[in-house]
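Contents: one structure, followed by commentary.
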């Protein structure tokens with residue numbers, strides 16, 4: 001019975017520089033962040049892309065952890081090779097067996113500091129609930145999106161993304177670095193409490209459940225024909241109702257949200273998502289009861 | 001005696017997408033912006049880089065207009081070839097002889113909407129003064145910087161940069177597009193007034209004169225060792241005095257401005273300048289008398 005080993009990853013996207021910068025400073029000065037006697041590892045996800053300040057070289061690393069890619073020996077994309085390498089070093093069956101992976105990202109969207117979980121894995125929801133109860137992080141539950149697969153953290157029994165923004169790609173920003181640091185410190189403290197059986201789990205958790213992503217209006221040639229409406233720009237997490245402006249054309253024409261449900265846009269105008277045909281994602285805010293199963297699942301990871 | 005032909009350039013840097021987007025919409029809908037019967041041309045500076053959403057392929061196009069590059073037949077950088085092509089089509093001795101060039105840029109710095117002029121060319125200062133009197137644009141006078149040469153607009157008898165920010169690279173933003181449009185419309189109106197001899201020149205102009213650029217604190221290995229202090233981030237145009245915080249290290253150490261003069265930082269934390277070893281530039285705010293020579297110079301361009 002041993003506490004789990006925990007992997008922290010920064011720079012999974014090479015143009016998201018703030019967390020890698022913090023990691024490098026932390027390596028130079030190990031006292032910078034208190035690890036609370038936990039067994040942690042930290043790794044730069046995509047060092048080659050980071051050097052070039054590009055999101056990726058061949059393929060998005062955070063979509064490269066699909067089993068059919070990892071198991072296909074002919075698949076030689078740099079990022080798929082790197083996914084295999086990270087797993088062989090820090091995967092649940094790797095050299096240093098980690099059970100939890102936390103992947104630090106930044107975004108050009110005004111997401112603040114938030115948690116992204118992929119699917120409804122009980123252990124992920126347990127920790128996300130703890131972090132929300134502690135410091136109010138909103139939680140974006142990404143699920144049911146067949147166009148997007150192979151996220152890094154899904155290769156570990158427990159894992160989630162911490163997403164911070166807005167910050168331009170390729171730019172260091174003191175506030176964003178502090179947000180990363182706070183998220184790291186809080187996570188480490190909650191893990192330490194879990195290991196010491198000092199955790200009190202909350203009764204409720206607010207979840208923003210992924211409903212769908214929507215693309216920019218485009219010309220017949222695929223060019224972006226309207227931009228995010230100023231009322232939507234930087235208003236991630238603010239609900240919209242039928243008729244709310246979504247996009248605006250150069251001639252002033254407004255494209256509006258049409259739907260009966262009150263939904264909540266997130267990742268509004270994330271620079272890297274235009275190539276994925278995503279202008280924003282729409283979520284539904286729900287308050288869930290904290291499930292005993294989640295507590296059991298995280299305790300199984302902590303006290304195997 | 002004919003009014004000058006005027007060249008508007010967008011996308012000189014391929015990851016500054018807002019002005020090119022506006023140009024494309026304007027081409028599709030020529031009524032979008034009133035050209036006031038002026039003879040204008042518009043061109044995308046670096047279409048290949050724009051397609052790749054990169055600042056440049058081989059070399060910064062806005063540093064490629066150095067005579068020694070343009071005249072050196074062995075110099076085959078894409079951007080130098082492109083500089084030659086733009087000059088052959090729209091240069092003062094080109095196929096379509098333009099006398100004025102306006103180059104639209106965006107920045108990750110919080111520069112608002114402003115004008116950059118290179119050196120103290122009388123005609124540039126005349127138009128910059130008119131635009132400032134009309135709509136309050138601050139003016140950054142870039143001069144005496146031996147490390148930076150070959151700016152595009154210097155190849156025309158009159159020309160300046162309109163710089164708008166903050167906006168991340170590679171991102172369309174409705175407000176930034178509107179700022180571009182306003183700057184274009186105001187410029188066209190002032191040119192039309194000049195052509196119709198209806199201009200009243202101001203008596204004074206406020207200039208932010210370039211003093212020096214400063215780099216990030218760096219480790220012996222060249223790595224950025226401290227980031228822009230939160231009090232400086234997004235506070236372009238706000239003066240600093242001796243002791244003002246400039247940078248902060250991960251351990252909280254603050255690096256301060258040391259100098260007797262009150263100076264005004266601009267281009268604070270522009271993402272593209274880290275590779276040029278510029279964290280910010282320092283300027284001195286001065287109020288100059290409007291010179292009769294400037295009026296003569298711009299009238300010579302308008303009434304040859």
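What follows draws every value from the coordinates through simple rules; no lab data is involved. Just so you know, these numbers come straight off a predicted model, no measurement behind them. Because the Cβ atoms are built from the backbone with ideal geometry, glycine has one as well, and the counts that use them run over all protein chains shown.
For residue A:95 and residue A:262, what does the FRET efficiency come to when R0 = 30 Å and r is the distance between their Cβ atoms, rounded to the nearest 0.05?
Details: r = 48 Å, r/R0 = 1.61.
With R0 = 30 Å, the Cβ-Cβ based efficiency is 0.05.
Using 18 Å as the cut-off for backbone N distance, which residues of the stretch A:31-75 belong to the label zone defined by a point 7 Å from the Cα of residue A:148 along Cα→Cβ?
Within reach of a label on residue A:148: A:55-56, A:59-67.
Cα centroids of the stretch B:1-39 and the stretch A:51-68: how far apart, whole angstrom?
Each part's Cα centre sits 37 Å from the other's.
Which order do A:280, A:17 fall in if you start with the one that has the fewest other Cβ atoms within 10 Å?
A:280, A:17
Expressed in whole Å with the largest first, what are the equivalent ellipsoid semi-axes of the stretch B:1-152 derived from the C-alpha gyration tensor as the square root of 5 times each eigenvalue?
Each semi-axis is √(5λ); the values are 23, 20, 18 Å.
For the residue pair residue B:135 and residue A:204, what label-to-label distance in nm results when each label sits 7 Å from Cα along the Cα-to-beta-carbon direction?
Calculated label separation equals 4.9 nm.
Give me the percent of DSSP beta bridges within the protein assembly as shown that run antiparallel, rounded to the nearest 5.
50 percent
Eigenvalues of the Cα gyration tensor times 5, then square-rooted: what semi-axes does that give for the stretch B:237-304, in whole angstrom, largest first?
Its equivalent ellipsoid spans semi-axes of 37, 17, 7 Å.
At what distance in nm do the modelled label points of residue A:254 and residue B:189 sit from each other, each positioned 7 Å from its Cα along Cα→Cβ?
2.4 nm
Taking chain B as the reference, fit the longest principal axis to its C-alpha atoms, fit the long axis of helix B:78-90 to the helix C-alpha atoms, and give the angle between the two in degrees, 0 to 90, nearest 10.
So the inclination is approximately 30 degrees.
Work out the P(r) tail for chain A: percent of alpha carbon pairs separated by more than 34 Å, whole number.
Looking at chain A, the distances longer than 34 Å represent 21 percent of pairs.
Taking the Cα atoms only, what angle lies between the long axis of helix B:174-195 and the longest principal axis of chain B, rounded to 10 degrees?
40 degrees
Can you tell me the 0 to 90 degree angle between the C-alpha axis of helix A:292-302 and the longest principal axis of chain A, rounded to 10?
It is inclined by approximately 50 degrees.
Please check which bits of the stretch B:280-302 a label hung off residue B:241 would reach, taking the label as a point 7 Å along Cα-to-C-beta and the cut-off as backbone N under 16 Å.
B:285
Provide, in order from the shortest bin, the percent of all Cα-Cα pairs of the stretch B:1-44 in each 10 Å bin, continuing until the bin that contains the maximum pair distance.
The percentages, shortest bin first, are 26, 51, 20, 3.
Separation of the stretch A:253-291 and the stretch A:182-250 by C-alpha centroid, Å?
Using only Cα atoms to place each centre, the spacing works out to 7 Å.
Quick check on the stretch B:28-82: take the gyration tensor over C-alpha atoms, sort the square-rooted eigenvalues as a ≥ b ≥ c, and tell me if it's rounded (a/c under 1.5), prolate or oblate.
Here the stretch B:28-82 falls in the oblate category.
Short version: what are the Cα gyration tensor semi-axes of the protein assembly as shown, square root of 5 times each eigenvalue, largest first, in whole Å? Can you show the working numbers first?
Details: eigenvalues 464, 139, 101 Å².
For the protein assembly as shown, the semi-axes come out at 48, 26, 22 Å.
For Cα pairs less than 8 Å apart in space and 6+ apart in sequence, what is the mean separation divided by the residue count of chain A, i.e. the relative contact order in percent?
Details: 657 pairs, mean separation 62.9, N = 304.
About 21 percent, as a whole number.
Using a 10 Å cut-off around each Cβ, can you sort A:186, B:102, B:296 from fewest to most neighbouring Cβ atoms?
B:296, A:186, B:102
Find the Cα radius of gyration of the stretch B:186-303, compare it with 2.2 N^0.38 Å by division, and give the number to two decimals.
The reported ratio for this selection is 1.46.
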